[in-house]
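Reading through the structure tokens given below for one structure.
The values are calculated or read from the model by the stated rules, or taken from the named source; none is laboratory data. In this text the structure is predicted, and so the values were computed from the model without any measurement. Using ideal geometry, Cβ is built from the backbone for each residue, glycine included, and neighbour counts are taken over all protein chains shown.
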Amino acid sequence: MTPGPARPQPLIIPCVDIQSGRAVRLYEGDPDRETVYFDSPLEAARHWVGLGAGLVHLVDLDAATGRGENRTVIHQIAAELGVPVEVGGGLRDREAAEELLKAGVERVVIGTAAVKNPALVRDLIAAHGPERVIVSLDARGLEVAIHGWAEGSGLQVAELTPVLADAGLETLIFTDVTRDGTLKGLDRELMRRVRGLWVNTLIVGGGVAGLDDVRLLAQEGIHGAIVGRAIYEGTLPYPVPGV
């Protein structure tokens, strides 16, 4: 039998979630259910770069939930890390996004603001290009959650993807809020449905636990995943072997 074409290896992007100045991971997005992995987010990011990461995903959890912000340490990471970083969490307007881009952040990740004001995404892409602007849709099932996952938006992913595509968006992050930080594994059917709704670059998150999830990404044609707890706790080896 002639083998079929090889599927590309999905990109696994280490995530550094920052809360109260420390690198943490939340269970189902609950800011009061945290595990602290590194006291220094910069050291956490350096750890993954030391293992070969070429891109690191940072989330300012305090900004996302309205409890504060961690901009100083994010600026430090962007300036000192030596590889590109993408940053999300609490970016509600153009000024906040552009302040990060000017500080050396490679890509900004717009969440709640993209749901409430899709024109912001269009404006940022027009000014900086689609390679520097990402939208993150975080959802319970297919209903998009906003404000640090604390509220339902009443909108479905299927309602927003055409609007975002029309705005020129190339890369979408989809996070399954119900599995984030749980190590329960990806929901294959949900991943398949989201893949069908977004034809451009798709990165997912929420529940990645091990190599079976990386194989699922490859099988469903999903470009990669943002991973936290699984690589911090070693249930998914990093760097990830070929699948």
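Matching residues to (1) closer than 19 Å to A225 by Cβ; (2) more than 15 Å from the chain's Cα centre (by Cα); (3) outside any helix (DSSP H, G or I):
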site: T161; (1), (2), (3): yes, yes, no
site: G168; (1), (2), (3): no, yes, yes
site: I173; (1), (2), (3): yes, no, yes
site: G181; (1), (2), (3): yes, no, yes
site: K184; (1), (2), (3): yes, yes, yes
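If you go through region 129-155 one residue at a time, how many are surrounded by fewer than 18 Cβ atoms within 10 Å (Cβ to Cβ), in a strand (DSSP E or B) and at pLDDT 95 or above?
Number of matching residues: 0.
Collect the residues in region 41-67 that are part of a helix (DSSP H, G or I), acidic (D, E) and touching a residue at least 24 places away in the same chain (Cβ under 8 Å), keeping them in residue-number order.
Within region 41-67, D62 is the sole residue that qualifies.
With respect to T72, is the statement that it is within 21 Å of G207 (Cβ to Cβ) and of a type outside the set (K, R) true?
no
Restricting attention to region 209-233, which residues are of a type in the set (A, V, I, L, M, F, W, C), free of Cβ contacts under 8 Å to residues at least 60 places away in the same chain and not in a helix (DSSP H, G or I)?
Residue satisfying the conditions is A209 alone.
Identify the single condition in (1) surrounded by 18 or more Cβ atoms within 10 Å (Cβ to Cβ); (2) touching a Phe, Trp or Tyr at 6+ places or on another chain (Cβ under 8 Å) that A78 does not satisfy, given that it satisfies every other one.
Checking A78 against (1) surrounded by 18 or more Cβ atoms within 10 Å (Cβ to Cβ); (2) touching a Phe, Trp or Tyr at 6+ places or on another chain (Cβ under 8 Å), the one that fails is (2).
How many of the residues in region 207-235 are buried (at least 18 other Cβ atoms within 10 Å of the Cβ) and in contact with a helix residue (DSSP H, G or I) (Cβ under 9 Å, 6 or more places away or on another chain)?
Number satisfying all stated conditions: 14.
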